[in-house]
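Read the structure below first, then the notes.
Read the figures in this text as sums done on the coordinates, not as results from a lab. Since the structure is predicted, the reported quantities are computational estimates derived from the model, not experimental observations. All Cβ positions, glycine included, derive from the backbone under ideal geometry; neighbour counts span all protein chains shown.
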Amino acid sequence: MTSDLTVGATSTSQGAEDAVLPRADANRLPAGREATSGSGAPVRSRWRQKYRRNLIITDLAALVWVVYGTQIAWFGLGNAQLAAVNDSRITDISYWVFSIVLIVAWMWSLSFIDSRSDRVIGTGSQEYIRIVDASFRLFGTIAIIAFLTQVDVARGYLLISLPVGIVVLVFTRWLWRQWLVMKRSRGKYSANVLLVGSLSSVTQLARELARNPSAGYRVVGACVPSGKVADTIPGTDVPVMGSVDAILPALDATGADTVAVTSADDLPADKVKEISWSLEAGRQHLVLAPSITDIAGPRLHTRPVAGLPLIHVETPRFSKGQSFLKRTVDIVASFVGIIVLSPLLAFLALSVRLSSQGPVLFRQKRIGYRGREFTMLKFRSMVVNAEDLLEALAKQQRDSGNEVLFKMKNDPRVTPIGRIMRKFSLDELPQLFNVLGGSMSLVGPRPPLPSEVAQYADHVHRRFLAKPGITGLWQVSGRSSLSWEESVRLDLSYVENWTLLGDAVILGKTAKAALAPGETAH
């Protein structure tokens, strides 16, 4: 499920305080009042102000370093000046002054596009996209102004400042995001959320948010139809604060600053509107969480029609341009990867050959793009008769939560060198040749066995709309610990929401996961 709950919301949720008030203290607060610090500033908003201020400081430091560093590298320490097209010198504007103007304009652009807004920080790619968008718009504007005024700004100065500036800005924001994720994993710097809706929808959303604390939503209570205060949401420790008519007392009791309506089926027709009116403006916020899961943001559009916020979901498009771009990246990356990793590939092949009897490569029939069968390559990490032992092992392992995929920890068929290769996913490297040949992609749904496909439900066959990948979304989201339903959901989400940026993120997470102890799903 997407971590962005603001689709169709009447207001965007805000973060909670660093130190969350104990429930007993929250109960003593008068209705409509917010805890304040000694200076009178709201405690709940201090972390957002501090975080935004830190981003401004690091953005400014990064741009000063990049812009003046580029100027010195390009012109030296001299007093280089802007020139007109006719080569006449503009003596009153030097690059030292122009760099100041560029830095100020760049900082203003980042603020104007809300790249530091708490709506985009902490999760998703929007924060980074806004940085790139603001930077390109600024430099495009500079180019247009320079053309119209016939002022010749050094192209090298601009061509270096733009990409280096973007990379440094994104990197510093990424560092701050890791810090924020760490805080949120401890229950801090998050919005305190009260869920309202049917028991099933509340349960689903509570579990999803608990699995993704970096999204910045901390569930502190729930109101469900005919709810009893002594109950908890099944499978969680989230307390039921009463029925859907007890929202305001529940807000006071839990200290929640956000109400998330998970379904309106069991609510009166005007109940959502009443909830919106009863919340304190600027402090408490309403979020609608429609039951639309695994749909990427660009495919969702909210359009008000006759006073109704209708959510339009575009059907996924698999254009020839997207296919060409993905294939081009696969060819270039796999070719470069094979060349760079050739010493490692040779070492692993020799290790497999000397450690156990049998072939170096393991060849297995898998189902790929549009349901076509192909031969997938891997370094052999098991004994030669591993396939003959599979059926007996599968009968012993039925309680893993995955009814289709076979997964076993400490598989006795794995050789000692194979265990090391699997720990770091090195046995998957020969699949670079599959990618180069066109039967696989770097990123995509994992290719299933024919026996697994025979058990697929009809909707699962949508996995074959994309080429299978060496790695994929569900491998980096839980690897072999996910259930079958979760694996399918993530694979279908990838197929229907593919982007090149998404592939880059998955590859980065794969590299990080490969270095961590654990065994990949094969």
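At-a-glance table
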{"read-out": "Residue-count net charge about Gly337 - beta-carbon cut-off 12 Å; Lys, Arg +1, Asp, Glu -1", "value": "-2"}
{"read-out": "For Asp491, Asp411, Asp458, Asp152, order by how many other beta-carbon atoms lie within 10 Å, fewest first", "value": "Asp458, Asp152, Asp411, Asp491"}
{"read-out": "Kirkwood Rh, Cα atoms: Rg over Rh of region 47-185", "value": "1.04"}
{"read-out": "Exposure proxy ranking, count of Cβ atoms within 10 Å, fewest first, for Leu501, Leu162, Leu436", "value": "Leu501, Leu436, Leu162"}
{"read-out": "Amide H partners (placed H, <5 Å) of Val219, local residues excluded", "value": "Val193"}
{"read-out": "Calculated FRET efficiency for the pair Met107/Ala146, C-beta based, R₀ 30 Å, to 0.05", "value": "0.90"}
{"read-out": "Over 28 Å (Cα to Cα) - which of Lys378/Lys467; Lys320/Lys378; Lys188/Lys273 fall in this group", "value": "Lys320/Lys378; Lys188/Lys273"}
